[in-house]
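Taking it in order: structure first as structure tokens, then the write-up.
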Amino acid sequence: MWGGRFAEGPSAIMREINASIPFDKALWRQDIAASKAHVAMLGAQGIVSAPDAAIISDGLDRVAAEYEADGVPEDWDLEDIHMTTESRLAELIGPVAGRLHTARSRNDQVATDFKLWVREALDQVDAGLDLLQRALVTRASEHAASIMPGFTHLQTAQPVTLGHHMMAYYEMARRDRSRFADARVRMNESPLGAAALAGTGFPIDRNATATALGFDRPSNNSLDAVSDRDFALDYLMAAAQCSLHLSRLAEEFIIWASQPFGFVRLPDTLSTGSSIMPQKKNPDAAELVRGHAGRIIGCATSLMVTMKGLPLAYSKDMQDDKPPVFEAASLLALSIAAMTGMVTGTTFRTERMRQAAELGYATATDLADWLVTQADIPFRQAHHITGAAVKLAESKGAALDELSLEELQTIDSRIDGRVFAALSVEASVAARSSHGGTAPEQVRLRVAEARTALGMED
């Protein structure tokens, strides 16, 4: 490949460190597509004769058929997917294959292939998140009025509904999809035709190749086009944020499945047993999703560090751009699928959840709110009175609504019998009817909006 420039071939060490075919063979579909778009443009522009362009295009189809059937061979002497394809093309159609690389470089070639791959990954993750959202909305609709404890600091705070809890993760996924969509819009410029770094003197038509490959436009600066990996970093940043949300959802199921909580029964298909303790049902899928988040964040960090000090334009360091993206994409797709299955297949023990919501004085805020609205007591004073009521209930081992009116009036005489209507968990969630609140009516409104946004049938 290097022609007459070097007197000796590369050493075994150089051969091994330089080869990227073990991982960039994943780009073969994109490499074939970009090469076909390029040679079609060369033929249309008269840079390559129409018969030669047709022979090359047919030859690329034959190479693609071989890859599809048998996989991509790994010849480290050919270094990468680009030279592997060109070498096989030459074997199939002869010297005319050498015309394919006219007016392009491996620099713009790999940037184009990688962009096409990342763009497809963005579309795939969006489809996966769509399914996760549908699962969350479906379960939220089923449990719009199912009461559970809401937590802060993992301490019982106020009663909420399970539907409200599910819709919180719907909102996280909605933001994730918006980040991936933004990244897709920003990256959809074609590097093809930027050549090595300075463009080319051939009369190419970059708009034609951009259109053929589904890009919005060609990139405006050849130096930037071959050295840019922002699109990969955008993907990884969005993937890292998404993985954090998936990890939080996984942690909820891990906690809820533990015996002290007992809020859920996880599906057998996403759980494992113990090699020594026959009673165990371990939430391994959720734990692995939680672990994958660390690896995905590591992938983002890896590429940032690789790119942090590189001068324009291309440097060989950038060969290491693909493994972290490929790894993150694989882990993220698996994590989304696992959590979609978990949301869909989990049995929620709603009676247990409701019982837990009645513990921990979750309706204390409702007592304070009642003192403000019904007894015209300033909130700070109401907060103090409520704290005294909780202390009394704790000393008696009773819930707030199990205290007698007389006991409550020993704390403050302005409390009357109407207060008990505000102290049930049902009354508590029903009262939280502000926009975005946990009241069942609000949850059903958010579910209806989400179903419309997702195009779900009623």
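For the reader, a short list of remarks on this structure follows.
- Charged-residue dipole, Cβ positions (Lys, Arg, Asp, Glu), the chain about Cα centre, Debye nearest 20: 540 debye
- Shape class of region 57-181 from the Cα gyration tensor (axes a ≥ b ≥ c, square roots of the eigenvalues): prolate, since a/c reaches 1.5 or more and a/b is larger than b/c.
- Between helix 322-345 and the chain: long-axis angle, C-alpha atoms, 0 to 90°, nearest 10: 40 degrees
- Efficiency of FRET between residue 372 and residue 120 - r from beta-carbon atoms, R0 51 angstrom, step 0.05: 0.35
- Across the chain, the longest piece that holds none of the trypsin sites (Lys or Arg not before Pro) lying in DSSP loops with up to 11 other C-beta atoms within 10 Å covers 6-279.
- Normalised by the number of residues in region 357-451, the mean separation of alpha-carbon contacts (under 8 Å, six or more apart) gives a relative contact order of 25 percent.
- Residue 330/residue 45 FRET efficiency (R0 35 Å; Cβ-Cβ; nearest 0.05): 0.35
- Shown for the chain: lysine pairs separated by 8 or more places, or found on different chains, whose C-alpha atoms are under 27 Å apart, numbering 13.
- Options 417, 213, 235, ranked by Cα towards positive dipole end of the chain, top entry (Cβ charges): 417
- The chain: angle of helix 230-257 to the longest principal axis, Cα-based, in degrees nearest 10: 30 degrees
- Gain in span if fully extended, residue 352 to residue 272, counting 0.36 nm per residue against the direct Cα distance: 26.5 nm
- Listed residue (286, 393, 404) projecting farthest to the positive dipole end of region 267-404, Cβ model: 286
- The residues neighbouring residue 425, those whose beta-carbon lies less than 12 Å from its own, together hold a net charge of -2 under the Lys/Arg +1, Asp/Glu -1 convention.
- Among residues other than residue 387 with Cβ under 13 Å from its Cβ, the summed charge is 0 (Lys and Arg +1, Asp and Glu -1).
- Rounded Å value of the spacing that divides the Cα centres of region 288-314 and region 224-267: 16 Å
- Paired Rg and Dmax values of region 15-102, which use every Cα atom, in angstrom: 12.9, 39
- Using a Förster distance of 25 Å, the FRET efficiency for residue 288-residue 127 (Cβ separation, nearest 0.05): 0.70
- Annotation: per residue accessible area for the chain equals 47 Å², rounded to a whole number [probe 1.4 Å, protein chains only].
- The modelled label-to-label distance for the pair residue 91/residue 69, using points 7 Å beyond Cα in the direction of Cβ, is 1.3 nm.
- Rolling a 1.4 Å probe over the protein heavy atoms of the chain, with every protein chain left in place, gives an accessible area that is 53 percent carbon and sulfur.
- For region 357-451, average projected area of the Cα convex hull in nm²: 6.4 nm²
- Across the chain, the mean sequence separation of Cα contacts (distance under 8 Å, 6 or more residues apart), normalised by length, yields a relative contact order of 17 percent.
- Per-residue extension of 0.36 nm, minus the Cα-Cα distance of residue 316 and residue 381, leaves a gain of 16.6 nm for this segment.
- Anisotropy class of the chain from Cα gyration tensor, a/c 1.5 cut: prolate
- Helix axis angle, 106-142 relative to the chain longest principal axis, alpha carbon, degrees: 20 degrees
- Note on residue 304 and residue 406: the extension gain reaches 30.2 nm, defined as 0.36 nm multiplied by sequence separation minus the Cα-Cα distance.
- Between the residues 124, 226, 371, the greatest Cα displacement towards the positive end of the dipole of the chain, with unit charges on the Cβ of Lys, Arg, Asp and Glu, is found for 371.
- Estimated [θ] at 222 nm from DSSP helical runs (n ≥ 4, -39500 (n - 2.57)) normalised by residues in the chain, nearest 500: -20000 deg cm²/dmol
The values are calculated or read from the model by the stated rules, or taken from the named source; none is laboratory data. Everything numeric here is computed off the predicted structure, so don't read it as measured data. Cβ atoms come from the backbone with ideal geometry, glycine included; neighbour counts cover every protein chain shown. Areas reflect the complete protein model, heavy atoms only, side chains present, ligands, DNA and RNA absent. Shrake-Rupley method; radii C 1.70, N 1.55, O 1.52, S 1.80 Å.
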